[in-house]
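First, the structure itself, so that you have it in front of you.
Any read-out appearing in this document is the output of simple, stated calculations on the displayed coordinates, not a laboratory observation. This one's a predicted model, so the numbers in the text were calculated from it and none came from an experiment. Heads up, the Cβs are rebuilt from the backbone with ideal geometry, glycines too, and the neighbour counts pull from every protein chain shown.
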Amino acid sequence: MTGPPEAALVERAQDGDTAAFEALVRLHQGAVYRIALRTLLDEGDAADAAQEAFLTAWRNLPELREPAAFPAWLHRIAARRALNVLRARRPEHPGDEEAVALPDPGAGPAQHSVTGGLREALLAALAGLPPPQRACWVLRELEGLGYREIAEITDSTPTAVRGRIHRARTRLVEALEPWR
Amino acid sequence: MAVDRPSEPERLPCGTPPDEVAEHALRGTPTEHERGCPHCRAVAEYHRVLARAGAELAAERPEPPPALVGSVMRAVRSQARPDRLIPVAAPGPGRTAVRESAARALLVAACDAVPGAAVGRCRLADGPDGLEIALSAHLTGTVPAPELAGRLRTAVRTAARESLGADPARIDIVFTDID
């Protein structure tokens, strides 16, 4: 790649350069969408949350002091946005567990059906977790964030985050018991 | 809300917190101790199915919808930030003004033609002696900073004269990634 380095793009975008911001969106859309999808487990909601996260980033970009911190800062915005959507929709959809869009089970070759079943079982078990537990587990185990960072995203403390991840892990292991 | 976990994490008889063992199992990075210790191995075994399922999910790279970039950028452009007018000295009597975003795009493009540097910030100001330009630049090659600063200054001065009709009173360049 021959374009300017990311820090230069961030600084240009901070000055209001929309072309530089578009380059940043292209670079980071995969990660932002992935964080939203894993938290929300719904493609449409994840796309909406990703869009909102990028718009929040665009509005708040002038306040970012360290351009090199842009990716982590953007991922925090995406995670927070996804968690807020999750919290907001939860009470209205008590049947959330069943509403999870699962991939077509007939899509893969037959020899993959066991692994496919395990993956879908994990998704279903994740959908059944309370929102903060699900978000904490996803951010820690799938995105590799630290306890302190997750605490900041979820307006919580590192100790509470540790507890949520522990409880999430216990429930997920129990749910996957038939695949042992 | 009561936090039902003690602040001191629970520990196995060998002294290792089980959460740590579970995490290492999921990442496939058990420590030397965890590989040999029966307590740790029992915890890892208990989490084995979750580790397998989690690793599979963590390795997936779902593709964002193709329309995402376009719809983000439409919304961004509709919220474009206010643009300032920067007065520049015009040849002959009177003064003229340019939109800051347009002037900046022009100057940054001139800098992009200089190999070995990438300009980030580009701020324009109407100083007491005329147009003042402040740039931040990143080194992208092996050309030493002082030499690059000279080339960038020349490129900016030429672009300002030819396209904005202004002779900059001041050009400040800061290299941001030099210790």
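On C-alpha positions alone, give me the angle between the axis of helix B:48-59 and the longest principal axis of chain B, in degrees, nearest 10.
Approximately 10 degrees, to the nearest 10.
Within 14 Å, Cβ to Cβ, of B:Asp83, how many net charges do the neighbouring residues add up to if Lys/Arg are +1 and Asp/Glu are -1?
Working: positive: B:Arg77, B:Arg81, B:Arg84, B:Arg99, B:Arg104, B:Arg123; negative: A:Asp15, A:Asp17, B:Glu100.
Taking every Cβ under 14 Å from that of B:Asp83, the sum is +3.
Would you compute, from DSSP H runs of 4+ residues alone, the mean residue ellipticity of the protein assembly as shown at 222 nm, taking -39500 (n - 2.57) per run and dividing by the full residue count, rounded to the nearest 500?
Numbers: 16 runs with 196 residues, N = 359.
So the calculated ellipticity at 222 nm is -17000 deg cm²/dmol.
Mind giving me the nanometre distance, one decimal, between the label points for A:Glu43 and B:Asp129, set 7 Å out from Cα along Cα→Cβ?
Those two pseudo-labels are separated by 6.2 nm.
I'd like the mean, over residues of B:55-62, of how many other protein chain beta carbons sit within 10 Å of each residue's own Cβ.
On the way: counts 2, 5, 9, 7, 1, 5, 4, 8.
That average works out to 5.
Order these peptides, A:123-130, B:61-68, by their mean beta-carbon neighbour count within 10 angstrom, highest first. Let's see the in-between values first.
Values: A:123-130: 18.5, B:61-68: 13.8.
Listed from highest to lowest mean packing, they are A:123-130, B:61-68.
Here's another thing I want to ask about it. Going by average Cβ neighbours within 10 Å, how do the peptides B:71-80, A:36-45, B:106-115 rank, with the highest at the top? Can you show the working numbers first?
On the way: B:71-80: 14.0, A:36-45: 21.6, B:106-115: 17.6.
Descending mean neighbour count gives A:36-45, B:106-115, B:71-80.
Using only the alpha-carbon atoms, how far is helix B:68-78 inclined from the longest principal axis of chain B? Give it as 0 to 90 degrees, nearest 10.
40
I've got another one for you. Report the FRET efficiency, 1/(1 + (r/R0)^6), for A:Ala124 and A:Arg89, where r is their Cβ-Cβ distance and R0 is 22 Å, rounded to 0.05. Please report the intermediate quantities before stating the final value.
On the way: r = 17 Å, r/R0 = 0.79.
In this case the efficiency is close to 0.80.
Using a 10 Å cut-off on Cβ to Cβ distances, tally the other chain neighbours for every residue of A:6-13 and report the average as a whole number.
Working: counts 3, 6, 14, 2, 2, 10, 9, 2.
Per residue, the average neighbour count from other chains is 6.
Residue by residue through B:72-85, how many Cβ atoms from other chains fall within 10 Å of the Cβ on average? All intermediate terms of the calculation are to be shown ahead of the outcome.
Working: counts 14, 8, 1, 5, 10, 3, 1, 4, 3, 7, 1, 1, 0, 0.
So the per-residue partner count for this stretch is 4.
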